[in-house]
Amino acid sequence: MAQLYFYYSAMNAGKSTTLLQSSFNYQERGMNPLIFTAAIDDRYGVGKVSSRIGLQAEAQLYTPKDDIYATVCDINANNKVDCLLIDECQFLTEEQVYQITEVVDKLRIPVLCYGLRTDFRGELFEGAKYLLAWADKLVELKTICHCGRKANMVIRTDAEGNAIADGDQVVIGGNDKYVSVCRVHYKEALGK
């Protein structure tokens, strides 16, 4: 039975690596995984999912206006889709999370979503909010803070490495802009 999975974590826990491994596992068994990623995140090239350890794969792009269910239906009509893998799923809209529930429920295709749960202010991303509410399975991928505790928060930093408390929710970046930390060090960095 197809299910909707949400694999979430702070940054640098290996979400994209895990997605790429899942894709490889499907391919190794002669199956056809379909990968989507957010068009807004072009750090490693347009239409690519890349991991920090050097793995990468081509991906369909989605924007907030795209109908993911319709796109999967179109692709599936010509080339059977055995699994839908979505990277950067925190950027999905509420409607798109509903659409991927339709991929699971109507098309009977498992959907594995990988992304952040919260932003640098400790607030849920829209996609994460609805995935936490509607996913069949929730899986936390863990990474660690510099102190050795589990990192479950993300700090945005300026060019000098100082924590930033305000700004747009979405600013694309990697280790140059974000640091994963435990809650204690998150509060400490922001003076809370």
Log entry, pairs with first residue in the range 146-162 being of a type in the set (Gly, Ala, Ser), second being assigned to a loop (DSSP other than H, G, I, E, B), beta carbons closer than 7 Å, six or more apart or on different chains, reads ALA151/ALA10; ALA151/THR143; ALA151/CYS145; ALA151/CYS182
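For residues that are in contact with a helix residue (DSSP H, G or I) (Cβ under 8 Å, 6 or more places away or on another chain) and not small (Gly, Ala, Ser), scanning just the range 3-31, find the one that is surrounded by the most Cβ atoms within 10 Å (Cβ to Cβ). Working first, answer last.
First, pick out the residues of the range 3-31 that are in contact with a helix residue (DSSP H, G or I) (Cβ under 8 Å, 6 or more places away or on another chain): 3-4, 6-9.
Imposing the further condition that a residue be not small (Gly, Ala, Ser) reduces the set to 3-4, 6-8.
Working: GLN3: 12, LEU4: 21, PHE6: 27, TYR7: 24, TYR8: 24.
Residue satisfying both the conditions and the ranking: PHE6.
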Pick out the one residue from ILE35, ILE53, ILE68, ILE40 that is at pLDDT 95 or above and in contact with a helix residue (DSSP H, G or I) (Cβ under 9 Å, 6 or more places away or on another chain). ILE68
Criterion first (in contact with a Phe, Trp or Tyr (Cβ under 8 Å, 6 or more places away or on another chain), at pLDDT 95 or above, under 30 Å from ALA70 (Cα atoms) and aromatic (Phe, Trp, Tyr)) does TYR114 satisfy it? no
Within the range 122-138, does at least one residue satisfy the condition of being under 30 Å from LYS80 (Cβ atoms) and hydroxyl-bearing (Ser, Thr, Tyr)? yes
From the list ALA165, ALA189, ALA133, exactly one residue is in contact with a strand residue (DSSP E or B) (Cβ under 6 Å, 6 or more places away or on another chain) and either crowded, with 17+ Cβ neighbours inside 10 Å or small (Gly, Ala, Ser) (or both). Which is it? ALA189
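If you go through the range 71-96, how many residues are among the hydrophobic types (A, V, I, L, M, F, W, C) and farther than 23 Å from LYS48 by Cβ? Lay out the reasoning, then the answer.
Within the range 71-96, the first condition is being among the hydrophobic types (A, V, I, L, M, F, W, C), and the residues that meet it are 72-73, 75, 77, 81, 83-86, 89, 91-92.
Those left that are additionally farther than 23 Å from LYS48 by Cβ: 73, 77.
The number of residues fulfilling the criteria is 2.
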May I ask you to list pairs of residues, at least six apart or on different chains, whose Cβ atoms are under 8 Å apart, with the first in the range 5-27 being within 13 Å of LYS142 (Cβ to Cβ) and outside any helix (DSSP H, G or I) and the second being of a type in the set (D, E, K, R) and modelled with pLDDT under 90? TYR7/LYS15; TYR8/LYS15; SER9/LYS15; ASN12/ARG52
Is at least one residue of the range 128-144 out of contact with any Ser or Thr (no Cβ under 6 Å at 6 or more places or on another chain), more than 26 Å from GLN21 (Cα to Cα) and in contact (Cβ under 8 Å) with a residue 24 or more places away in the chain? no
Please go through (1) within 12 Å of the chain's Cα centre (by Cα); (2) modelled with pLDDT of 90 or more for LYS15 and return the number of the only condition it doesn't satisfy. (2)
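The values are calculated or read from the model by the stated rules, or taken from the named source; none is laboratory data. Worth saying up front: this structure is predicted, and the values here are computed from it rather than measured. Virtual Cβ from ideal backbone geometry, glycine too; neighbours counted across all protein chains shown.
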